[in-house]
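Enquirer: The structure's right below; bear with me while I get my questions together.
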Amino acid sequence: MTSRRPLRIAITCYPVPGGSGILATELGAKLAMRGHEVHFISHALPYRLDRFKTELYYHEVETPDYPLFKYPPYTLSLASKMIEVSQQFGLDVLHVHYALPFAISAYLAKQSMREGAPKTLCTLHGTDITLVGSDRSFYEITRFSIDAVDGVTAVSEYLRNKTISVFGTSRPIDVIRNFVDTDRFYARPAGVCRHKYAPEGEKVVAHLSNFRAVKNIPGVIHMFARLRQRLPAKLLLIGDGPQTAEAFSLAKSLDVAADVKFLGNREDVDEILCAADAFLLPSHYEAFGLAALEAMACGVPVVASKVGGVPELIQDGKTGFLVGPDEYDAGGERLFQILTNPELAGRLRENGLKSVKDNFTADAVVPLYEDVYYRLIQEGK
Ligand code: GMT
């Protein structure tokens, strides 16, 4: 049995706002607090990384911009940095979040090292399988990389099954669901934030995402507009992305623009969420739905779409409500029920908080990643 010595772990993720990068960053911080030495390898400081006081290492990947390159070869620069950090610090594990292209970089790094190579682990987050990885141009390399790394985890049972069906892989995939940092995301009084956004005491609905098409931003606006016909309310849109402009013009055409606040990418997400009476996430697809988990942890009842791995997070009618992404009337109705029935809202809130505490805290989830690390090291490939 391998002793549970502290490990040297490198984490690679997308440093921009987004669920996979946030999860990777929170995981690294929690691992460091548990005594491991954690190194981030990325082209920029990961979003939310700087707020942790724990000592973490950060290694920046630089990609030479030689005129010959139409596209600078980041995958190779990353692999080179992984080798360098592995050799310098004696890494035990290279843990990449998002298959493309990180799993290939980790695989290349390992193959290039003759001795003392770290174990490679890839956590699948969703669109790396369902959208990007299954696109014809990336399909074969994604399939190869999933089989080539030493270990694979998926953030939901749904995503594991999807990976098996899309790529026909027979390799074991551990399901480790996401967690939320409950030191930061917890239920607290709405405070000044609420008054700022709803000065007349209106009800507040929040949405948080990267505003990509998969998030169904038109659905957010339509559902809110249905609600707004029935009571005074404000919609807080946290985040930014390709559908922001469309959201604005749709809000204007549905005559709710004055009640929609575009807040952009924000650091104080936890405080804003605590000002909300309900959270809306009607995505066309979600492998998990980390933003909904953050809302639940703040005690905010969620209306989300019944797609992908979301039902593994939210029990319909118990810890939140699930509707179809295009069921605007149903979404508006569920919001209305939450905002007008305090007994219902309180029950959803308490059940949601209990579910977070029982299943989705760092204490519950981080040891599952540690188990995988020690198991890979013990397997000794
Ligand atoms: O949702 C996004 O577009 C961002 C994406 C990412 O990779 O950053 O999120 C994915 O990973 C999150 C963390 O595991 C999951 O909670 C999201 O459900 C998943 N997004 C999708 O599947 C669309």
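Enquirer: Considering only the stretch 265-284, how many residues are open to solvent by 10 Å² or more (accessible area, probe 1.4 Å) and either touching a Leu at 6+ places or on another chain (Cβ under 7 Å) or at positive phi (or both)?
Expert: 2
Enquirer: I want to confirm something. Restricting to the stretch 95-149 and keeping residues that are more than 13 Å from the ligand (Cβ to nearest atom) and among the polar types (S, T, N, Q), which single residue is farthest from Arg375 (Cα to Cα)? Spell out how you get there, then give the answer.
Expert: The first filter runs over the stretch 95-149 and keeps only residues more than 13 Å from the ligand (Cβ to nearest atom), leaving 95, 101, 103-121, 135-149.
Still in the running and among the polar types (S, T, N, Q): 105, 111-112, 120, 137, 142, 145.
Working: Ser105: 22, Gln111: 20, Ser112: 23, Thr120: 12, Ser137: 33, Thr142: 24, Ser145: 20 Å.
Among residues in the stretch 95-149 that are more than 13 Å from the ligand (Cβ to nearest atom) and among the polar types (S, T, N, Q), the one farthest from Arg375 (Cα to Cα) is Ser137.
Enquirer: Any chance the stretch 191-203 includes a residue that's within 16 Å of the ligand (Cβ to nearest atom) and either buried (at least 19 other Cβ atoms within 10 Å of the Cβ) or not charged (D, E, K, R) (or both)?
Expert: No, the stretch 191-203 contains no residue that is within 16 Å of the ligand (Cβ to nearest atom) and either buried (at least 19 other Cβ atoms within 10 Å of the Cβ) or not charged (D, E, K, R) (or both).
Enquirer: Is it the case, given these coordinates, that Glu37 is assigned by TED's automatic domain parsing to the domain that holds Thr169 and open to solvent by 30 Å² or more (accessible area, probe 1.4 Å)?
Expert: The answer is yes for Glu37.
Enquirer: Among the helices (runs of 4 or more DSSP H) confined wholly to the stretch 256-350, which include 1 or more residues that are among the aromatic types (Phe, Trp, Tyr)?
Expert: Qualifying helices (runs of 4 or more DSSP H): 328-340.
Enquirer: Which residue is farthest from the ligand (Cβ to nearest atom), if the candidates are limited to the stretch 207-225 and must be within 19 Å of Tyr328 (Cα to Cα), out of contact with any helix residue (DSSP H, G or I) (no Cβ under 6 Å at 6 or more places or on another chain) and open to solvent by less than 40 Å² (accessible area, probe 1.4 Å)?
Expert: By that ranking, first place goes to Ala225.
Enquirer: Tell me, please, whether a residue that is in the same structural domain as Glu327 (by TED's automatic domain parsing), open to solvent by less than 10 Å² (accessible area, probe 1.4 Å) and more than 16 Å from the ligand (Cβ to nearest atom) can be found in the stretch 151-162.
Expert: First, the residues of the stretch 151-162 that are in the same structural domain as Glu327 (by TED's automatic domain parsing): none.
No: the stretch 151-162 contains no residue that is in the same structural domain as Glu327 (by TED's automatic domain parsing), open to solvent by less than 10 Å² (accessible area, probe 1.4 Å) and more than 16 Å from the ligand (Cβ to nearest atom).
Enquirer: Report the residue count in the stretch 359-381 for those that are open to solvent by 50 Å² or more (accessible area, probe 1.4 Å), more than 20 Å from Ala291 (Cβ to Cβ) and in a helix (DSSP H, G or I).
Expert: 6
Enquirer: Could I ask something else about it? Looking for something over 25 Å from Cys298 (Cα atoms), in contact with a Pro (Cβ under 9 Å, 6 or more places away or on another chain), surrounded by fewer than 16 Cβ atoms within 10 Å (Cβ to Cβ) and hydrophobic (A, V, I, L, M, F, W, C) - is there at least one such residue anywhere in the stretch 251-264? Steps first, please.
Expert: Just the residues of the stretch 251-264 that are over 25 Å from Cys298 (Cα atoms), to begin with: 251-258.
From what's left, in contact with a Pro (Cβ under 9 Å, 6 or more places away or on another chain): none.
No, every residue in the stretch 251-264 fails to be over 25 Å from Cys298 (Cα atoms), in contact with a Pro (Cβ under 9 Å, 6 or more places away or on another chain), surrounded by fewer than 16 Cβ atoms within 10 Å (Cβ to Cβ) and hydrophobic (A, V, I, L, M, F, W, C).
Enquirer: So, one more: Which condition breaks for Thr340 when tested against (1) among the β-branched types (Val, Ile, Thr); (2) closer than 22 Å to Phe185 by Cα; (3) exposed (fewer than 15 other Cβ atoms within 10 Å of the Cβ)?
Expert: Answer for Thr340: the failing condition is (2).
The values are calculated or read from the model by the stated rules, or taken from the named source; none is laboratory data. What you see is a predicted model, and the numbers here were worked out from it, not measured in a lab. Because the Cβ atoms are built from the backbone with ideal geometry, glycine has one as well, and the counts that use them run over all protein chains shown. Ligands, DNA and RNA are stripped out before the accessible areas are found, and what is left, the full protein with its side chains, is counted by its heavy atoms. Shrake-Rupley method; radii C 1.70, N 1.55, O 1.52, S 1.80 Å.
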